[in-house]
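In what follows, a structure is listed as structure tokens, so that the remarks can point back to it.
The values are calculated or read from the model by the stated rules, or taken from the named source; none is laboratory data. Everything quoted here is computed from the prediction, not taken from an experiment. Note: ideal-geometry Cβ built from the backbone for every residue, glycine included; neighbour counts use all protein chains shown. SASA here: full protein model, heavy atoms, side chains in, ligands and nucleic acids out. Shrake-Rupley method; radii C 1.70, N 1.55, O 1.52, S 1.80 Å.
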Amino acid sequence: MFSKNFTIAFRSLKKDLLFTLTNIVGLTIGITCCLLILSFVKYELSFDKYNKNYNRIYRVNYDARVGGSESLSPSVPVFVAPVLKDKFPEIGTVTRFEPSWGSQTIRHDNVIFDEDGFCFADSAFFDVFNFKAVEGNLKKALNKPHSLVITSDMAKKYFGDSDPIGQTLLLNNKQEYVVSAVMENVPPNSHFKFDFLTSFYSIDGFDSSETKVDWNNPNYSTYLLLKPGTKVASLSNIIDQWVNPPEKAKNSSAQNSIHLQLEPLKEVHFDTHVFNYKNYFKITDYKYVRIFITIAILVLLIACANYINLSTAKSSVRAKEVGIRKTIGASLWQLFAQFLTESFLLTFFAVAISIFLVNELLPYLNNLLGKEIPFYLLNRNMLIYIITGGVLVSILAGFYPAIILSRFRPTETLKGNYSKAGGTGAMIRKSLVIFQFAISIALILGTIIVRSQLGFMQSAKLGLDKDHILIIHGNQDLKKNFDAFASEIKNVNGVQDVSKTWRSPFQTVIGNGFSIKAHPTADEDISVVGGIAGDQHYLSTLGISLIAGRNFDPAKIKGDSTTNEFIVNQAFLARYDLQAKDAIGKQVFLGIAGEGTIVGVVKDFHTSSMHDLIQPVVICNSPQWFGNILVRIGPGKIAPVLAGLEKTWKSFVPMQPFNYSFLDEEYDALYRTEQRLGTLMSWFCGTAILITCLGLLGLMAFMVTQRTKEIGIRKVLGASVLNITGLLSKDFLKLVIIAILIALPAAWYFMNGWLRDFAYRINMSWWLFALTAVIAMLIALITISYQSIKAALANPVKSLRTE
């Protein structure tokens with residue numbers, strides 16, 4: 001019976017190729033989108049699961065609350081790890097992980113590169129996290145200072161085919177590191193990334209047994225491997241009692257406190273609230289995962305709605321077939337099974353094509369998202385999901401048409417009376433057209449709002465000038481002649497201003513311990529602020545406005561004899577409820593620089609994306625933190641200036657690569673997620689519109705076929721092309737208007753929620769909704785005009801002869 005059903009189904013689909021191709025194309029597009037997003041979701045949910053003890057690993061976050069505001073850092077002070085290990089028996093293993101600040105120059109013989117993936121870790125790192133060794137023993141690889149674990153890619157890059165174990169790499173032309181082990185590359189679904197991992201003992205001045213309680217400088221990511229059966233909530237409470245003992249709580253404000261937060265490893269990848277050290281941590285906002293899942297479901301539903309619409313519209317064509325089959329003894333169940341078989345056949349054709357398309361499109365999706373999503377679809381579990389999903393789609397798309405067609409009464413169908421035979425499903429078709437257009441309209445409005453918010457963020461006034469600012473990334477060799485190099489590049493034609501700094505202002509660390517009093521004690525409440533190092537040219541190079549006090553005194557920036565001076569922003573004053581005149585002259589303490597005096601106040605400027613309110617920032621004049629150089633370049637002079645800068649660089653450090661970046665590019669990178677969302681929404685919006693238009697085109701073709709004689713009679717009686725086009729189009733346009741009225745309020749609700757994640761955002765003006773409505777009407781008109789105009793131009797004589 002089943003083989004017979006498939007044979008009949010195949011012949012039926014082959015007979016009407018337009019119907020078949022329209023449905024296959026619609027379903028293929030919908031299923032392809034769904035499978036691509038399913039691959040993305042599976043990849044995102046797989047992060048860090050390669051670790052054997054994934055469910056028992058926790059990161060310790062530093063939660064500082066000052067004056068009612070809260071800042072969250074993924075790192076804690078150095079003493080926290082050994083104290084937690086000693087004090088709390090529930091903790092099995094503790095390890096710390098610290099990315100190096102900025103790129104490091106790595107050399108082996110004549111092979112030399114600047115590398116970003118140089119990190120430090122405790123010897124217990126490989127007891128907590130599971131990485132596979134290629135050569136050497138990872139468990140013992142970090143036991144000695146200046147021992148080094150490298151990835152297999154780096155081993156190939158620096159040593160070729162030779163054995164790297166025991167060989168040395170020179171760091172910043174200063175310190176040799178001995179390769180003790182080679183590991184496989186860090187999996188792409190790991191929340192952190194590194195290429196070189198050395199022992200914490202290698203950090204200058206680092207004492208691994210340091211237990212002095214000092215809550216300044218929370219700079220070390222700390223991970224705990226808890227013992228089996230540990231009650232995390234209870235452990236968190238005990239740790240909090242250690243951090244905030246009763247005697248301290250009595251003397252502290254409820255709004256000013258420090259807490260240690262135990263965050264499960266499974267949540268780390270989706271935690272967007274913590275500072276991300278120069279993208280060492282791979283973070284995805286989980287709401288975007290939910291957005292993509294929703295879009296995938298909606299696009300698939302549009303494709304299913306197309307099938308239902310076209311199948312029920314075609315019911316009049318197949319009514320006589322049903323009548324004859326019922327007359328010769330076919331049962332209701334046999335007819336139902338036959339039409340459902342057609343749905344299965346169409347769906348699995350579409351699924352097969354979709355799997356091929358996903359394989360071809362996945363590299364483009366990875367390039368767009370900056371991911372490394374593998375091709376999961378031939379995995380056994382994924383194949384089960386796909387087959388199950390295909391069955392569900394077949395039933396969803398084919399159930400209603402099969403019910404409609406199998407219920408036709410043969411006595412009426414053979415007379416040609418289709419409405420009495422069992423209904424035509426007209427109301428369902430209209431509802432589905434409204435449903436399809438409502439989704440498409442909502443996606444159009446969502447895309448317009450995302451693009452508008454992106455445009456607003458990229459053109460907004462930031463309080464500093466990001467254009468024509470070049471960042472030269474320094475290194476240890478250059479530091480010896482830093483002042484001389486900075487002076488020399490001022491002579492390059494086209495250079496307008498030069499400043500020494502720590503790093504880009506958009507990489508400001510909101511996590512420096514700060515006290516309004518000098519020499520804070522362990523019992524004091526320590527604020528958390530953003531720390532920036534800069535010289536007397538920092539404000540002028542970036543165009544930051546000084547509103548009170550003075551700039552840095554260059555005479556006080558003299559290496560080890562520096563007298564610390566600080567410049568603060570308006571948000572800093574608001575944090576401490578200070579006036580500018582009261583702040584000037586205050587003795588304060590900043591974790592990265594030590595004790596100093598506030599000498600100036602600047603207007604607020606952005607140091608992070610517009611998701612966040614402007615945070616308190618302290619600019620210090622400490623030369624020990626200078627590592628990069630900001631260069632303001634005149635408009636239109638970038639190429640010759642770059643050539644001049646590189647020439648000067650080579651004269652100072654001939655063996656070092658000349659590395660630089662542009663500040664506006666770093667600012668744009670803050671919105672990479674939103675840019676990708678905008679691009680993907682544009683593609684999905686276009687996909688939804690394409691599927692909807694395909695269905696509308698098919699429906700219009702069937703409607704024109706049904707009304708062929710009516711059109712011919714109207715033309716004979718004098719109806720114009722415009723009259724007939726309007727007659728055929730108006731019913732569909734009414735449905736589009738209803739869809740607009742449903743979609744716009746729903747889209748406003750969800751997009752308003754999305755915009756609330758931005759501290760600085762656009763207003764959803766009326767013209768955005770008007771533009772969306774106009775676009776939807778134009779899409780519908782263009783789609784239905786082809787068939788309606790074609791019908792209106794047809795020869796009425798041929799129309800009246802049509803049977």
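Here are the numbers for the structure shown:
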item: Filtered residue count, region 746-780, keeping only those that are among the β-branched types (Val, Ile, Thr) and exposed (fewer than 15 other Cβ atoms within 10 Å of the Cβ); result: 1
item: Helices (runs of 4 or more DSSP H) completely within region 329-413 that count 2 or more residues being modelled with pLDDT under 70, farther than 25 Å from Ile297 by Cβ and of a type in the set (Val, Ile, Thr); result: 410-413
item: Selection from region 98-115 of residues that are farther than 16 Å from Asn217 by Cβ and either open to solvent by 20 Å² or more (accessible area, probe 1.4 Å) or modelled with pLDDT of 90 or more (or both); result: Gly102, Ser103, Gln104, Arg107, His108, Asp109, Asn110, Val111, Ile112, Phe113, Asp114
item: Residue check, Thr211 modelled with pLDDT under 85, polar (S, T, N, Q) and either outside any loop (DSSP other than H, G, I, E, B) or touching a Pro at 6+ places or on another chain (Cβ under 6 Å) (or both); result: yes
item: Condition check for Phe118: touching a strand residue (DSSP E or B) at 6+ places or on another chain (Cβ under 8 Å) and either open to solvent by less than 20 Å² (accessible area, probe 1.4 Å) or over 19 Å from Ser202 (Cβ atoms) (or both); result: yes
item: Qualifying residues in region 599-613 (those that are more than 22 Å from the chain's Cα centre (by Cα) and open to solvent by 10 Å² or more (accessible area, probe 1.4 Å)) - the one farthest from Trp754 (Cα to Cα); result: Val599
item: Residue ID - nearest to Gly531 (Cα to Cα), chosen from residues in region 86-145 that are aliphatic (A, V, I, L, M) and in a helix (DSSP H, G or I); result: Val128
item: Test: Ala739 is part of a helix (DSSP H, G or I) and either in contact (Cβ under 8 Å) with a residue 40 or more places away in the chain or of a type in the set (S, T, N, Q) (or both); result: yes
item: Some residue of region 60-72 being modelled with pLDDT under 85 and among the β-branched types (Val, Ile, Thr); result: yes
item: Those residues of region 721-738 which are under 45 Å from the mean Cα position of the chain (by Cα) and open to solvent by 70 Å² or more (accessible area, probe 1.4 Å), in sequence order; result: Lys730, Lys734, Ile737, Ile738
item: Contacts under 6 angstrom Cβ, first residue in region 644-658 being touching a residue at least 40 places away in the same chain (Cβ under 8 Å) and β-branched (Val, Ile, Thr), partner surrounded by 13 or more Cβ atoms within 10 Å (Cβ to Cβ) and not in a helix (DSSP H, G or I), 6 or more apart; result: none
item: Lys278 vs. criteria at pLDDT below 85, at positive phi and among the basic types (Lys, Arg); result: yes
item: Conditions (1) out of contact with any Asp or Glu (no Cβ under 6 Å at 6 or more places or on another chain); (2) under 30 Å from Gly390 (Cα atoms); (3) modelled with pLDDT under 90: number failed by Ala9; result: (1)
item: Filter result (within 19 Å of Met681 (Cβ to Cβ) and among the polar types (S, T, N, Q)) within region 357-373; result: Asn366, Asn367
item: Residues (over 26 Å from Ala533 (Cα atoms) and in contact (Cβ under 8 Å) with a residue 60 or more places away in the chain) located in region 628-643; result: Pro635, Lys637, Pro640
item: Residue check for Thr783: surrounded by 14 or more Cβ atoms within 10 Å (Cβ to Cβ), modelled with pLDDT under 85 and more than 30 Å from Gln458 (Cβ to Cβ); result: yes
item: Filter result for the condition that a residue is open to solvent by less than 10 Å² (accessible area, probe 1.4 Å) and farther than 11 Å from Ser199 by Cα, over Phe129, Phe125; result: Phe129
item: Qualifying residues in region 20-56 (those that are of a type in the set (Val, Ile, Thr) and surrounded by fewer than 22 Cβ atoms within 10 Å (Cβ to Cβ)) - the one modelled with the highest pLDDT; result: Val41
item: Whichever residue in region 244-267 is among the charged types (D, E, K, R) and open to solvent by 60 Å² or more (accessible area, probe 1.4 Å) and, among such residues, is modelled with the lowest pLDDT; result: Lys250
item: Ile557 vs. criteria touching a helix residue (DSSP H, G or I) at 6+ places or on another chain (Cβ under 6 Å), at pLDDT below 85 and not hydroxyl-bearing (Ser, Thr, Tyr); result: yes
item: Ile516 of a type in the set (A, V, I, L, M, F, W, C), surrounded by fewer than 20 Cβ atoms within 10 Å (Cβ to Cβ) and modelled with pLDDT under 80; result: yes
item: Ile444, sole failed condition from (1) in a helix (DSSP H, G or I); (2) crowded, with 21+ Cβ neighbours inside 10 Å; (3) in contact with a Leu (Cβ under 8 Å, 6 or more places away or on another chain); (4) modelled with pLDDT of 80 or more; result: (3)
item: Output for region 681-720, where each listed residue is at pLDDT 70 or above and more than 46 Å from the chain's Cα centre (by Cα); result: Lys709, Glu710, Ile711, Gly712, Ile713, Arg714, Lys715, Val716, Leu717, Gly718, Ala719, Ser720
item: Hits in region 134-168 - residues which are open to solvent by less than 20 Å² (accessible area, probe 1.4 Å) and either over 20 Å from Thr105 (Cα atoms) or over 35 Å from the mean Cα position of the chain (by Cα) (or both); result: Leu138, Ala141, Leu142, Ser147, Phe159, Pro164
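To keep it simple, each residue is scored yes or no on (1) within 30 Å of Gln453 (Cβ to Cβ); (2) in a strand (DSSP E or B); (3) among the acidic types (Asp, Glu).
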residue	(1), (2), (3)
Gly530	yes, yes, no
Ile547	yes, yes, no
Phe552	no, no, no
Ala574	yes, no, no
Gly585	no, no, no
Gly596	no, yes, no
Gly600	no, yes, no
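Yes or no, residue by residue, for (1) modelled with pLDDT of 85 or more; (2) surrounded by 23 or more Cβ atoms within 10 Å (Cβ to Cβ):
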| residue | (1), (2) |
| --- | --- |
| Asn417 | no, no |
| Ala421 | no, yes |
| Ala426 | no, no |
| Ile439 | yes, yes |
